[in-house]
Amino acid sequence: EKGGYEHFMLKEIFEQPRAYRDTMSPRIDGNRVVLPDVGLTADIIRGIRRIHIVACGTASHAGLVGKSVIEQLTRIPVETDVASEYRYRDPIITSDTLVIVVSQSGETADTLAALREAKRQGARVLAVTNVVGSSVAREADHVILTMAGPEIAVASTKAYTTMLIAFYLLGLYMAQTLETVTPAYVADTLAAMQKLPEQVEALLGKADLMKKVAEQFKTTENLFFIGRGLDYAAVVEGSLKLKEISYIHSEAYAAGELKHGTLALITEGTPVIALATQEALFEKTLSNIVEVKARGAVVLGIANEGHTELSKTANETLYIPRTLPLLTPALAAVPLQLLAYYTSLARGNDVDKPRNLAKSVTVE
Ligand code: F6R
(Lines give C-alpha, C1' and ligand atoms only; values in the text may rest on other atoms or scores of the structure.)
Protein backbone atom coordinates (compact mmCIF):
# COMPACT_ATOMS: atom_id res chain seq x y z
CA GLU A 1 0.00 0.00 0.00
CA LYS A 2 2.97 2.31 0.59
CA GLY A 3 4.26 1.34 -2.84
CA GLY A 4 7.74 0.49 -1.57
CA TYR A 5 8.15 3.70 0.46
CA GLU A 6 8.89 3.61 4.16
CA HIS A 7 6.08 6.04 4.95
CA PHE A 8 2.92 7.36 3.32
CA MET A 9 4.30 10.88 3.62
CA LEU A 10 7.33 10.05 1.48
CA LYS A 11 5.16 8.23 -1.05
CA GLU A 12 2.84 11.21 -1.25
CA ILE A 13 5.74 13.66 -1.66
CA PHE A 14 7.02 11.58 -4.57
CA GLU A 15 3.55 11.39 -6.15
CA GLN A 16 3.49 15.13 -6.70
CA PRO A 17 4.61 15.22 -10.35
CA ARG A 18 1.67 12.94 -11.18
CA ALA A 19 -0.70 14.93 -8.96
CA TYR A 20 0.30 18.23 -10.61
CA ARG A 21 -0.29 16.76 -14.07
CA ASP A 22 -3.66 15.28 -13.13
CA THR A 23 -4.81 18.56 -11.57
CA MET A 24 -3.80 20.78 -14.46
CA SER A 25 -4.04 18.77 -17.68
CA PRO A 26 -7.85 18.49 -17.94
CA ARG A 27 -8.05 22.26 -17.35
CA ILE A 28 -5.59 23.39 -20.02
CA ASP A 29 -6.83 23.63 -23.60
CA GLY A 30 -4.06 24.94 -25.82
CA ASN A 31 -3.25 28.41 -24.54
CA ARG A 32 -6.28 28.83 -22.33
CA VAL A 33 -7.63 27.59 -19.04
CA VAL A 34 -10.93 25.75 -19.14
CA LEU A 35 -12.89 24.94 -16.03
CA PRO A 36 -15.64 22.65 -17.29
CA ASP A 37 -18.26 21.76 -14.68
CA VAL A 38 -17.20 24.57 -12.33
CA GLY A 39 -19.99 26.84 -13.56
CA LEU A 40 -18.16 30.16 -13.18
CA THR A 41 -19.67 32.07 -16.09
CA ALA A 42 -18.21 35.31 -17.43
CA ASP A 43 -21.16 37.20 -15.91
CA ILE A 44 -20.49 35.71 -12.50
CA ILE A 45 -16.78 36.53 -12.68
CA ARG A 46 -17.46 40.12 -13.77
CA GLY A 47 -19.76 40.57 -10.79
CA ILE A 48 -17.16 39.67 -8.15
CA ARG A 49 -15.94 42.70 -6.19
CA ARG A 50 -14.10 41.03 -3.35
CA ILE A 51 -12.86 37.59 -2.41
CA HIS A 52 -12.43 35.89 0.95
CA ILE A 53 -10.30 32.77 1.19
CA VAL A 54 -11.15 30.71 4.27
CA ALA A 55 -9.50 27.48 5.44
CA CYS A 56 -7.60 25.80 8.27
CA GLY A 57 -3.96 24.84 8.70
CA THR A 58 -2.10 23.86 5.56
CA ALA A 59 -5.12 24.64 3.38
CA SER A 60 -5.08 28.20 4.76
CA HIS A 61 -1.42 28.43 3.76
CA ALA A 62 -2.36 27.48 0.21
CA GLY A 63 -4.83 30.34 0.53
CA LEU A 64 -2.02 32.79 1.29
CA VAL A 65 -0.45 31.92 -2.05
CA GLY A 66 -3.92 32.04 -3.65
CA LYS A 67 -4.42 35.59 -2.41
CA SER A 68 -1.24 36.83 -4.09
CA VAL A 69 -2.00 34.95 -7.29
CA ILE A 70 -5.58 36.18 -7.63
CA GLU A 71 -4.74 39.77 -6.67
CA GLN A 72 -1.81 39.96 -9.06
CA LEU A 73 -3.73 38.45 -11.96
CA THR A 74 -7.15 40.05 -11.50
CA ARG A 75 -6.63 43.08 -9.19
CA ILE A 76 -9.69 41.95 -7.20
CA PRO A 77 -9.00 42.47 -3.47
CA VAL A 78 -8.60 39.21 -1.55
CA GLU A 79 -8.66 38.66 2.20
CA THR A 80 -7.56 35.48 3.90
CA ASP A 81 -8.84 34.09 7.18
CA VAL A 82 -8.45 30.94 9.20
CA ALA A 83 -11.90 29.38 9.37
CA SER A 84 -11.91 29.22 13.18
CA GLU A 85 -11.72 33.04 13.27
CA TYR A 86 -13.79 33.99 10.25
CA ARG A 87 -17.29 33.59 11.64
CA TYR A 88 -16.46 35.33 14.88
CA ARG A 89 -15.00 38.51 13.46
CA ASP A 90 -18.22 39.64 11.76
CA PRO A 91 -16.66 39.66 8.27
CA ILE A 92 -18.10 41.99 5.62
CA ILE A 93 -19.86 39.55 3.31
CA THR A 94 -21.90 40.98 0.46
CA SER A 95 -23.68 39.42 -2.51
CA ASP A 96 -20.72 40.41 -4.70
CA THR A 97 -18.27 38.59 -2.43
CA LEU A 98 -16.86 35.27 -3.60
CA VAL A 99 -15.92 33.11 -0.63
CA ILE A 100 -13.36 30.44 -1.50
CA VAL A 101 -13.17 27.62 1.03
CA VAL A 102 -10.16 25.34 0.77
CA SER A 103 -10.21 21.89 2.33
CA GLN A 104 -8.40 18.69 1.39
CA SER A 105 -10.94 16.49 3.19
CA GLY A 106 -13.94 18.71 2.62
CA GLU A 107 -15.06 17.80 6.14
CA THR A 108 -13.22 20.23 8.43
CA ALA A 109 -15.80 21.52 10.91
CA ASP A 110 -14.69 25.15 11.02
CA THR A 111 -14.36 25.39 7.25
CA LEU A 112 -17.80 23.89 6.71
CA ALA A 113 -19.29 26.28 9.27
CA ALA A 114 -17.62 29.22 7.52
CA LEU A 115 -19.08 28.06 4.20
CA ARG A 116 -22.57 27.89 5.73
CA GLU A 117 -22.24 31.33 7.29
CA ALA A 118 -21.05 32.81 3.99
CA LYS A 119 -24.01 31.30 2.16
CA ARG A 120 -26.42 32.46 4.85
CA GLN A 121 -25.18 35.99 4.28
CA GLY A 122 -25.73 35.72 0.54
CA ALA A 123 -22.20 35.13 -0.77
CA ARG A 124 -21.34 32.79 -3.59
CA VAL A 125 -19.08 29.97 -2.41
CA LEU A 126 -16.40 28.17 -4.39
CA ALA A 127 -14.74 25.12 -2.84
CA VAL A 128 -11.25 23.84 -3.59
CA THR A 129 -11.22 20.27 -2.30
CA ASN A 130 -9.65 16.89 -2.89
CA VAL A 131 -12.71 14.80 -2.06
CA VAL A 132 -15.61 14.37 -4.47
CA GLY A 133 -18.91 14.25 -2.60
CA SER A 134 -17.49 15.70 0.63
CA SER A 135 -19.69 18.03 2.68
CA VAL A 136 -17.86 21.10 1.42
CA ALA A 137 -18.11 19.91 -2.20
CA ARG A 138 -21.84 19.25 -1.82
CA GLU A 139 -22.72 22.55 -0.20
CA ALA A 140 -20.61 24.94 -2.28
CA ASP A 141 -21.98 26.64 -5.40
CA HIS A 142 -18.85 25.84 -7.40
CA VAL A 143 -16.15 23.19 -6.92
CA ILE A 144 -12.61 22.88 -8.23
CA LEU A 145 -11.32 19.40 -7.45
CA THR A 146 -7.66 18.84 -6.82
CA MET A 147 -6.55 15.52 -8.22
CA ALA A 148 -4.04 14.63 -5.53
CA GLY A 149 -5.58 11.22 -4.90
CA PRO A 150 -6.11 9.90 -1.36
CA GLU A 151 -3.76 11.46 1.19
CA ILE A 152 -3.06 9.17 4.16
CA ALA A 153 -0.20 10.84 6.06
CA VAL A 154 -1.47 13.37 8.61
CA ALA A 155 1.01 15.94 7.32
CA SER A 156 -0.43 17.27 4.09
CA THR A 157 1.91 17.41 1.07
CA LYS A 158 0.43 16.65 -2.34
CA ALA A 159 -2.95 18.04 -1.27
CA TYR A 160 -1.29 21.38 -0.47
CA THR A 161 0.67 21.64 -3.71
CA THR A 162 -2.33 20.69 -5.84
CA MET A 163 -4.30 23.43 -4.05
CA LEU A 164 -1.62 25.82 -5.36
CA ILE A 165 -2.15 24.47 -8.88
CA ALA A 166 -5.91 24.99 -8.45
CA PHE A 167 -5.30 28.64 -7.46
CA TYR A 168 -3.06 29.23 -10.49
CA LEU A 169 -5.75 27.81 -12.75
CA LEU A 170 -8.52 29.81 -11.07
CA GLY A 171 -6.51 33.05 -11.13
CA LEU A 172 -5.66 32.63 -14.81
CA TYR A 173 -9.22 31.65 -15.66
CA MET A 174 -10.62 34.76 -14.01
CA ALA A 175 -7.92 36.96 -15.55
CA GLN A 176 -8.48 35.67 -19.07
CA THR A 177 -12.21 36.35 -18.65
CA LEU A 178 -11.69 39.84 -17.22
CA GLU A 179 -8.86 40.52 -19.71
CA THR A 180 -6.68 41.81 -16.89
CA VAL A 181 -3.75 39.95 -18.49
CA THR A 182 -2.95 39.36 -22.15
CA PRO A 183 -3.53 36.04 -23.93
CA ALA A 184 0.27 35.82 -24.33
CA TYR A 185 0.70 36.10 -20.55
CA VAL A 186 -1.78 33.28 -20.01
CA ALA A 187 0.00 31.16 -22.63
CA ASP A 188 3.43 31.77 -21.07
CA THR A 189 2.20 30.99 -17.57
CA LEU A 190 0.53 27.77 -18.70
CA ALA A 191 3.72 26.73 -20.51
CA ALA A 192 5.69 27.35 -17.29
CA MET A 193 3.11 25.42 -15.26
CA GLN A 194 3.42 22.44 -17.57
CA LYS A 195 7.13 22.30 -16.79
CA LEU A 196 6.52 22.11 -13.03
CA PRO A 197 6.14 18.30 -12.84
CA GLU A 198 9.58 17.64 -14.33
CA GLN A 199 11.08 20.41 -12.19
CA VAL A 200 9.58 18.74 -9.12
CA GLU A 201 11.21 15.47 -10.28
CA ALA A 202 14.55 17.28 -10.36
CA LEU A 203 14.03 18.53 -6.80
CA LEU A 204 13.06 15.06 -5.59
CA GLY A 205 16.41 13.96 -6.96
CA LYS A 206 18.07 16.25 -4.41
CA ALA A 207 16.44 14.55 -1.41
CA ASP A 208 19.85 13.53 -0.06
CA LEU A 209 20.79 17.15 0.52
CA MET A 210 17.68 17.64 2.64
CA LYS A 211 18.54 14.45 4.54
CA LYS A 212 21.98 15.87 5.29
CA VAL A 213 20.55 19.19 6.50
CA ALA A 214 18.00 17.31 8.63
CA GLU A 215 20.89 15.50 10.34
CA GLN A 216 22.46 18.87 11.14
CA PHE A 217 19.26 20.42 12.47
CA LYS A 218 17.72 17.43 14.28
CA THR A 219 18.92 18.29 17.81
CA THR A 220 17.82 21.93 17.79
CA GLU A 221 14.81 23.01 19.83
CA ASN A 222 14.27 26.27 17.92
CA LEU A 223 14.42 27.12 14.30
CA PHE A 224 13.36 29.95 11.99
CA PHE A 225 12.17 30.19 8.43
CA ILE A 226 12.42 33.52 6.63
CA GLY A 227 11.23 34.83 3.28
CA ARG A 228 9.57 37.80 1.60
CA GLY A 229 6.41 38.01 -0.52
CA LEU A 230 5.43 34.63 -1.91
CA ASP A 231 8.49 33.15 -0.23
CA TYR A 232 6.99 34.20 3.09
CA ALA A 233 3.72 32.43 2.22
CA ALA A 234 5.73 29.33 1.28
CA VAL A 235 7.79 29.26 4.49
CA VAL A 236 4.70 29.60 6.68
CA GLU A 237 3.74 26.18 5.33
CA GLY A 238 7.32 24.85 5.52
CA SER A 239 7.42 25.81 9.18
CA LEU A 240 4.10 24.12 10.01
CA LYS A 241 5.22 20.95 8.21
CA LEU A 242 8.42 20.80 10.25
CA LYS A 243 6.65 21.55 13.55
CA GLU A 244 3.92 19.00 13.23
CA ILE A 245 6.09 15.98 12.55
CA SER A 246 9.50 16.88 14.05
CA TYR A 247 8.11 18.58 17.21
CA ILE A 248 10.82 21.23 16.90
CA HIS A 249 9.57 24.69 17.68
CA SER A 250 9.72 26.71 14.50
CA GLU A 251 8.58 30.11 13.41
CA ALA A 252 8.13 31.57 9.95
CA TYR A 253 9.04 35.20 9.71
CA ALA A 254 8.71 37.82 7.03
CA ALA A 255 12.44 38.46 6.56
CA GLY A 256 12.08 42.23 6.86
CA GLU A 257 10.39 41.87 10.27
CA LEU A 258 13.35 40.12 11.91
CA LYS A 259 14.91 43.27 13.23
CA HIS A 260 11.65 44.23 14.92
CA GLY A 261 12.15 41.63 17.62
CA THR A 262 13.00 38.16 16.44
CA LEU A 263 16.66 38.85 15.80
CA ALA A 264 17.07 38.71 19.59
CA LEU A 265 16.41 34.96 19.38
CA ILE A 266 19.08 34.29 16.78
CA THR A 267 22.14 33.06 18.65
CA GLU A 268 25.15 30.86 17.90
CA GLY A 269 23.97 27.76 16.08
CA THR A 270 20.30 28.72 15.55
CA PRO A 271 19.16 27.10 12.30
CA VAL A 272 17.56 29.49 9.78
CA ILE A 273 16.00 28.37 6.53
CA ALA A 274 15.94 31.29 4.11
CA LEU A 275 13.83 31.11 0.98
CA ALA A 276 14.79 33.66 -1.67
CA THR A 277 13.12 32.70 -4.96
CA GLN A 278 11.45 36.05 -5.62
CA GLU A 279 13.90 37.70 -8.01
CA ALA A 280 12.74 41.25 -7.24
CA LEU A 281 13.40 40.68 -3.52
CA PHE A 282 16.53 38.53 -3.72
CA GLU A 283 19.02 41.19 -2.65
CA LYS A 284 16.84 42.20 0.29
CA THR A 285 16.52 38.65 1.56
CA LEU A 286 20.24 38.11 1.04
CA SER A 287 20.96 41.05 3.34
CA ASN A 288 18.69 39.44 5.97
CA ILE A 289 20.72 36.24 5.61
CA VAL A 290 23.89 38.26 6.26
CA GLU A 291 22.22 39.71 9.38
CA VAL A 292 21.35 36.32 10.88
CA LYS A 293 24.73 34.88 9.94
CA ALA A 294 26.40 37.72 11.84
CA ARG A 295 24.53 36.51 14.96
CA GLY A 296 25.77 32.94 14.51
CA ALA A 297 22.86 31.38 12.60
CA VAL A 298 23.43 28.23 10.56
CA VAL A 299 21.66 28.98 7.29
CA LEU A 300 20.10 26.77 4.66
CA GLY A 301 19.58 29.13 1.72
CA ILE A 302 17.19 28.26 -1.08
CA ALA A 303 17.21 30.33 -4.27
CA ASN A 304 16.80 30.04 -8.02
CA GLU A 305 19.48 28.38 -10.10
CA GLY A 306 22.21 30.81 -11.05
CA HIS A 307 22.39 32.71 -7.75
CA THR A 308 25.75 31.20 -6.86
CA GLU A 309 26.55 34.19 -4.64
CA LEU A 310 24.23 32.62 -2.07
CA SER A 311 26.79 29.86 -1.49
CA LYS A 312 29.24 32.46 -0.17
CA THR A 313 26.84 33.45 2.61
CA ALA A 314 24.70 30.44 3.50
CA ASN A 315 26.13 27.29 5.11
CA GLU A 316 24.12 25.03 2.82
CA THR A 317 22.44 25.98 -0.43
CA LEU A 318 19.75 24.43 -2.53
CA TYR A 319 19.02 25.77 -5.99
CA ILE A 320 15.59 25.34 -7.48
CA PRO A 321 14.85 25.24 -11.21
CA ARG A 322 13.87 28.53 -12.83
CA THR A 323 10.18 29.26 -13.25
CA LEU A 324 7.95 32.36 -13.14
CA PRO A 325 8.02 34.19 -9.78
CA LEU A 326 4.33 33.44 -9.23
CA LEU A 327 4.93 29.70 -9.53
CA THR A 328 7.94 29.23 -7.24
CA PRO A 329 5.85 28.15 -4.19
CA ALA A 330 4.91 25.01 -6.15
CA LEU A 331 8.62 24.13 -6.33
CA ALA A 332 9.89 25.44 -2.98
CA ALA A 333 7.30 23.34 -1.14
CA VAL A 334 9.04 20.12 -2.14
CA PRO A 335 12.44 20.51 -0.42
CA LEU A 336 10.67 21.91 2.66
CA GLN A 337 8.48 18.80 2.81
CA LEU A 338 11.56 16.59 2.48
CA LEU A 339 13.34 18.53 5.22
CA ALA A 340 10.37 18.02 7.57
CA TYR A 341 10.20 14.35 6.67
CA TYR A 342 13.88 13.59 7.24
CA THR A 343 14.01 15.63 10.45
CA SER A 344 11.04 13.70 11.86
CA LEU A 345 12.68 10.45 10.81
CA ALA A 346 16.04 11.42 12.35
CA ARG A 347 14.30 12.19 15.64
CA GLY A 348 12.60 8.81 15.65
CA ASN A 349 9.06 10.16 15.46
CA ASP A 350 6.00 8.51 14.00
CA VAL A 351 6.14 10.40 10.70
CA ASP A 352 2.70 9.49 9.37
CA LYS A 353 0.86 9.82 12.68
CA PRO A 354 2.28 12.70 14.70
CA ARG A 355 1.20 12.93 18.32
CA ASN A 356 -2.04 14.76 19.20
CA LEU A 357 -3.08 15.26 15.57
CA ALA A 358 -5.84 13.75 13.41
CA LYS A 359 -6.11 13.69 9.63
CA SER A 360 -9.59 15.09 9.55
CA VAL A 361 -10.73 17.61 12.17
CA THR A 362 -14.49 17.28 12.33
CA VAL A 363 -14.97 19.03 15.68
CA GLU A 364 -14.45 22.75 16.33
C1 F6R B 1 -1.23 19.91 8.24
C2 F6R B 1 -2.61 19.55 7.96
C3 F6R B 1 -3.71 20.35 8.58
C4 F6R B 1 -4.88 20.46 7.59
C5 F6R B 1 -6.08 21.15 8.25
C6 F6R B 1 -7.21 21.36 7.27
O7 F6R B 1 -0.34 19.14 7.52
O8 F6R B 1 -2.85 18.62 7.24
O9 F6R B 1 -3.27 21.62 8.96
O10 F6R B 1 -4.44 21.18 6.48
O11 F6R B 1 -6.53 20.36 9.32
O12 F6R B 1 -7.65 20.15 6.71
P13 F6R B 1 -8.52 20.13 5.43
O14 F6R B 1 -7.69 20.64 4.28
O15 F6R B 1 -8.92 18.70 5.25
O16 F6R B 1 -9.70 21.04 5.67
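When the P(r) of segment 211-281 is calculated, the portion above 15 Å amounts to 52% of the C-alpha pairs.
Rounded to the nearest 10 degrees, the angle from helix 329-346 to the longest Cα principal axis of the chain is 50 degrees. Enter the angle in degrees (range 0 to 90, nearest 10) between the Cα long axis of helix 282-294 and the first principal axis of the Cα atoms of the chain, meaning the one along which they spread out most. In the chain, helix 282-294 runs at an angle near 40 degrees to the longest axis. Ligands, DNA and RNA left out, the 1.4 Å accessible surface of segment 3-112 is 47% carbon and sulfur atoms. Applying Stokes-Einstein at 20 °C and 1.002 mPa s to the Kirkwood radius of the chain, computed over alpha-carbon pairs, gives a translational diffusion coefficient of 104 µm² s⁻¹.
Between the alpha-carbon centers of segment 19-34 and segment 227-289, tell me the distance in whole angstrom. A separation of 32 Å, based on Cα centres. The loop-placed GluC sites (Glu not before Pro) in segment 1-39, going by DSSP, that have at most 14 neighbouring Cβ atoms within 10 Å of their Cβ come out as 1, 6.
Taken about its Cα centre, segment 249-323 carries a charge dipole of roughly 80 debye when the Cβ of each Lys and Arg holds +1 and the Cβ of each Asp and Glu holds -1. Among beta bridges identified by DSSP and lying wholly in the chain, the antiparallel ones come to about 5 percent.
Here the Karplus curve 6.51 cos²θ - 1.76 cosθ + 1.60, taken at θ = phi - 60°, turns the phi angles of segment 180-188 into couplings of 7, 10, 7, x, 5, 5, 4, 4, 5 Hz, with x standing for Gly and Pro. Which residue fluctuates the most in the chain, going by a Gaussian network model with Cα springs under 10 Å, if the choices are 120, 32, 50? Maximum fluctuation in the GNM of the chain, among the listed residues, is at 120. Summary value for the chain: 20 percent relative contact order, contacts being C-alpha pairs under 8 angstrom separated by 6+ residues. Taking every protein chain into account, the accessible area of the chain amounts to 39 square angstrom per residue (probe 1.4 Å). From its DSSP helices (H runs of at least four residues, each -39,500 (n - 2.57)), the chain gives a residue-normalised ellipticity at 222 nm of -14000 deg cm²/dmol. Kirkwood hydrodynamic radius computed over segment 75-156 comes to 13.1 Å, based on all pairs of distinct alpha carbons.
From most to least packed by mean Cβ count within 10 Å, the peptides 199-210, 82-93 give 199-210, 82-93. When the Gaussian network model of the chain links Cα atoms closer than 10 Å, the mean-square fluctuations of 74, 277, 162 top out at 74.
The values are calculated or read from the model by the stated rules, or taken from the named source; none is laboratory data. Predicted model only: the values in this text are computed from it and were never measured. Here the Cβ is made from the backbone with ideal geometry for all residues, glycine too, and neighbour counts use every protein chain on show. When the accessible area is computed, the model is the full protein with side chains, heavy atoms only, and any ligands, DNA or RNA have been set aside. Shrake-Rupley method; radii C 1.70, N 1.55, O 1.52, S 1.80 Å.
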